[in-house]
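A quick write-up on the structure given underneath.
The values are calculated or read from the model by the stated rules, or taken from the named source; none is laboratory data. Only a predicted model underlies this, so the values are computations on that prediction, with no experimental measurement involved. Ideal geometry is used to build each Cβ from the backbone, glycine not excepted, and the neighbour counts take in all protein chains shown. For accessibility, only protein heavy atoms count, side chains too; no ligands or nucleic acids. Shrake-Rupley method; radii C 1.70, N 1.55, O 1.52, S 1.80 Å.
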Amino acid sequence: MVLSASLHGCLAAIGQGQPPKKPTSIHPRAGFRSSVFLPVSGNVYPLGYYSVTIDIGNPPKPFQLDIDTGSDLTWVQCDAPCTGCTLPRDQLYNPSKTNFVDCKDPICLSVNSPNPPQCKNPNEKCCFQVQYADHGSVLGFIVSDTFPLRLVNGTLSKPHLAFGCGHCLQNRGLHPPTPTAGVLGLGKSKASISSQLSSMGVTKNVFGHCLGDNRGFLFFGADFVPKSGMTWTRMLQSSSDKHYSSGPAELLFGGKPTGIKGVNVIFDTGSTYTYLNLKVYETVLNLIRKDLSGKQLHDVKDKALPICWKGTKPFKSMRDARNYFSTFALSFTGSSNVQLQLPPENYLIVTEQGNVCLGILNGAEAGLGTTNVIGDISLQGKLVIYDNENQMIGWANADCNRKFGSF
């Protein structure tokens, strides 16, 4: 979905001060070893995005891509030539004639679904256009090239994957623009990287991510799925919804019901912050303000986010600020005792000015209508797994800042 910080939290609670669960240990499982592990860099604030570096082509050329579970198509800035590209020309993808995908290719239909490709004849180049929720757009051609990927068993796989060659970009990126070359689309459709790797037998159609303070990791395949310690909920099934959605859920605050029920949410790493529909957002804001009554925090203007508070002295980190706030949670009513807990560090940031700001935003103001989006801020410090084989989403507390070597 890609909601950037320039545009710019959901929510079940255990009471404030309750000790956190022990982080889940993440190791490759014996027996499979057909997974891909990629280091992640980035943060919620001040960067506003997380990315991975992936090699494309022969000889391979590295491209830094935003990881986005809210969109399907992977694309890179492309020298075709390019309008609106933010990278120097020598850092753009340069396709050859043999890289372009024809309209008759099944992947062209998948990319343009649910609408048919706009082609006059089947041998034309397949085009694509992606519209993002932050009003940015990308136009280009579908191409196919080698993605050299090192599997955890040590072998090098070289699948030929389809992706977008973006040559016309509008309103893309943060302000100033990010150094990324494009987007790694991780959505549910056949055009996503996970689906393509699965269809080729490289990995299972399972992937996961762990987002830390400044680093983390992303994996494709089932080898890193823990045998225990995960909380799972079923993906919502809809022919018109390609997002990773779940629900309905009840909103809790400090372990108590808030009266908000029936909340469906989208898990979206392309969104820096969490967005709630107007009713839920106003409830959250009122609960926080009531909870802060009598505490030594005061409203303050800060360019980072719309709602901020200052203390008696500047906050140095969330460790200083978290005790002023309570924990939210989403309790998924369709499952037994399934909660996504959001302690203060999953909905607040501490800014460069030493203020604490609310990373839950009004989705209506962002043009999202009644949609609720769980963004990066609420996914930090959690191993989140998208099991497309079994249509399940799972999560567990994890140390995403841990350095991972080769497995």
Rule-of-thumb Rg ratio for the stretch 282-392 [Cα; 2.2 N^0.38 Å; N residues]: 1.19
Listed residue pairs exceeding 19 Å between alpha carbons, taken from LYS125/LYS188; LYS158/LYS204; LYS190/LYS227: LYS125/LYS188; LYS190/LYS227
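Translational diffusion coefficient of the chain at 20 °C, 1.002 mPa s, Stokes-Einstein with Kirkwood Rh over Cα pairs, in µm²/s as a whole number.
It diffuses with D of about 99 µm²/s by this estimate.
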ASP79 versus SER293: modelled label distance in nm, points set 7 Å from Cα along the beta carbon direction: 6.3
Under 21 Å from the Cα of LYS295 - lysines, other chains or at least 8 residues apart: LYS256, LYS310, LYS313, LYS316
Portion, in percent, of the accessible area of the stretch 231-397 that falls on carbon or sulfur, probe 1.4 Å: 46
Cβ-Cβ FRET estimate between HIS135 and LYS227, R0 fixed at 30 Å, reported to 0.05: 0.10
For the stretch 36-220, accessible area per residue (1.4 Å probe, heavy atoms of protein chains only), Å²: 43
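For the chain, give the magnitude of the charge dipole about the Cα centre (Cβ charges: +1 Lys/Arg, -1 Asp/Glu; no others), in debye to the nearest 20.
That gives a dipole near 800 debye.
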GluC sites (Glu not before Pro) lying in DSSP loop within the stretch 313-366, provided at most 15 other Cβ fall within 10 Å: GLU352, GLU365
Reciprocal of mean inverse Cα separation for the stretch 36-220 (Kirkwood radius, Å): 16.7
Helix-only mean residue ellipticity at 222 nm for the chain, each DSSP H run of n ≥ 4 adding -39500 (n - 2.57), per residue, nearest 500: -2500 deg cm²/dmol
Cβ-based charge dipole, the stretch 36-220, positive-most Cα from GLY84, SER96, LEU38: SER96
Sequence-distant aspartates and glutamates (8 or more away, or on other chains) whose Cα lies within less than 16 Å of LYS279: GLU250, GLU365
In the stretch 313-389, the trypsin sites (Lys or Arg not before Pro) that fall in loop regions by DSSP, at most 11 other Cβ within 10 Å: LYS316
Solvent-accessible area per residue, Å², over the stretch 231-397 with all protein chains present [probe radius 1.4 Å]: 43
The stretch 36-220, relative contact order [Cα under 8 Å, separation at least 6], %: 32
